[in-house]
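Asks: Dropping the structure in here first, questions after.
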Amino acid sequence: MSHRSAVQEEGQGSTCTGWVRAAQANFYRVRIDPELAALFPEIEAHFPAQKPMPAELLCTARAKLKKMGQSVMVGDWVEVSLPPAADSLWPERGAIEAILPRRTQLPRPAIANITQVLVVMALAEPEPEPNALSRLLVQAEASHLRVQVVFNKCDCVEAAVAESWRQRLQRWGYEPLLVSALTEAGIPELRRRCRDQISVVAGPSGVGKSSLLNRLLPAVQLTTQAVSEKLRQGRHTTRHVELFPLPEGGWIADSPGFNAGEGIPPVSPQQLIRCFPEVRERLGTCQFRDCLHDREPGCGLRELNWERRGFYLQLLHELQEAQAANSAPACPGLKRRGEGHHLTCRKQSHRILTDSDLDWQED
């Protein structure tokens, strides 16, 4: 029996398929839109009969999803149950019963089924920092999505400075776009690159993400915040994740800002090199299939002069250290049961244990 039939047999009304457009607190705005569903042919979508669409439902998620370890993300296709009143009232509230399979997902911001990442940095106030930019780009590449680089505030620097950054990113394997949210320079081309895409904007606070979105979405005015003079960095202005329709077609997400210098990408050491587009065409030329492109003999990248090699090695070592830490015993130094006086750890589900996580019992 399908999940849809089971819900209907329980007397909870009909069900339909929807797309989570926004999330805030414990509520979700779910869009019911057959045209949008047509972009995802793998989804077996179904909709209420004789109802005007597109429409939106205000939904909560069933507690069983949390018990199953599932979290609803913006961009998810979901199965929604409608109360009997929905037969006469529309739009109506609903409850998310199930999350349909995702094409893609990002952990931060938590968003699913997008097609491209817009990595936004500022050319001034604050100036771009190469390693922070590279770390953000690697995180975006790890998502296996199309990556677009956008340099905002091009009006705040000399043309030669902007051009030098454009050429530098070209050597990294990108075709960056120079824009200004103030003067609208480059905005028409940015609109073209977002057409018919489901995009998410990523980048540190203070680079003008909300200002750019205000240019792309004239009907929606998002909150912006000046860069802190004391810290020379932006303050967080976006509090939740939301997808907005673009006038030219497609959708774009406003998402909370984050510090691009934090964290390591969710890839293995062996897959890290694929997050550097400037050397992808040379992959497969190494003597050993599991080459990490560090000190291995016969490495096809050894003689290649590429700017970000030092950063790649730094990130590779970070991943290797994290991998070693995760594979270490949870409670090192403790004797096994039967070896005399020892301690037993009751909680064994943590990868990394801290004093607050542990409840010790002396045998």
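The values are calculated or read from the model by the stated rules, or taken from the named source; none is laboratory data. Worth saying up front: this structure is predicted, and the values here are computed from it rather than measured. Glycine gets a Cβ as well: all are built from the backbone with ideal geometry, and neighbour counts include every protein chain shown. Heavy atoms of the whole protein, side chains included, go into the accessibility calculation; ligands, DNA and RNA do not. Shrake-Rupley method; radii C 1.70, N 1.55, O 1.52, S 1.80 Å.
Asks: Assuming 0.36 nm per residue, please report the length gained on full extension of the stretch LEU283 to PHE311 beyond their Cα-Cα distance.
Replies: Contour length minus Cα-Cα distance gives 8.3 nm.
Asks: If one computes the Cα centroid of the range 192-208 and of the range 116-169, what distance in Å separates the two points?
Replies: Result: 12 Å between the Cα centres.
Asks: Roughly how much of SER134 is accessible, in Å² to the nearest 10, using a 1.4 Å probe?
Replies: Its accessible surface works out to 0 Å², give or take rounding.
Asks: Using the Kirkwood formula on the Cα atoms of the range 140-200, what hydrodynamic radius do you get, in angstrom to one decimal?
Replies: Value: 12.5 Å, from the Cα pair sum.
Asks: While we're here: Might you work out the accessible area of ARG108 for me, using a 1.4 Å probe with all protein chains in place, and round it to the nearest 10 Å²?
Replies: Approximately 140 Å² for this residue.
Asks: Hey, rough spin-label estimate for ALA63 and LEU304, points 7 angstrom out along Cα→Cβ, what's it come to in nanometres?
Replies: 5.4 nm
Asks: So, one more: How big is the Rg/Rh ratio for the range 95-185, C-alpha atoms only, Rh by Kirkwood, two decimals?
Replies: Using only Cα positions, Rg/Rh for the range 95-185 is 1.08.
Asks: For the range 26-171, list log₁₀ I(q)/I(0) at each q in 0.14, 0.18 Å⁻¹, using the Debye formula over Cα point scatterers of equal strength and ignoring solvent, two decimals each.
Replies: Those come out to -0.80, -1.02, one per q.
Asks: Determine, from the Cβ-Cβ distance of ARG191 and SER71 and an R0 of 25 Å, the FRET efficiency 1/(1 + (r/R0)^6), rounded to the nearest 0.05.
Replies: Calculated value: 0.20.
Asks: At a 1.4 Å probe, what is the % contribution of carbon and sulfur to the accessible area of the range 95-157?
Replies: C and S atoms contribute 50 percent here.
Asks: Sticking with this one: So how do LYS67, LYS153 rank on accessible area, 1.4 Å probe, biggest first, that is with the largest at the start?
Replies: Putting LYS67, LYS153 in descending order of accessible area: LYS67, LYS153.
Asks: What residues of the range 52-74 lie in the reach of a label at GLN105, counting those whose backbone N is under 19 Å from a point 7 Å from the Cα along Cα→Cβ?
Replies: Correct set: 60-74.
Asks: About the Cα centre of the range 58-137, how large is the charge dipole given +1 on each Lys and Arg Cβ and -1 on each Asp and Glu Cβ? Please answer in debye to the nearest 20.
Replies: Computed charge dipole of the range 58-137: roughly 440 debye.
Asks: Here's something else I'd like to know. At 1.4 Å probe size, with every protein chain present, just tell me what the per residue accessible area of the range 23-181 comes to in Å².
Replies: That works out to 47 Å² per residue.
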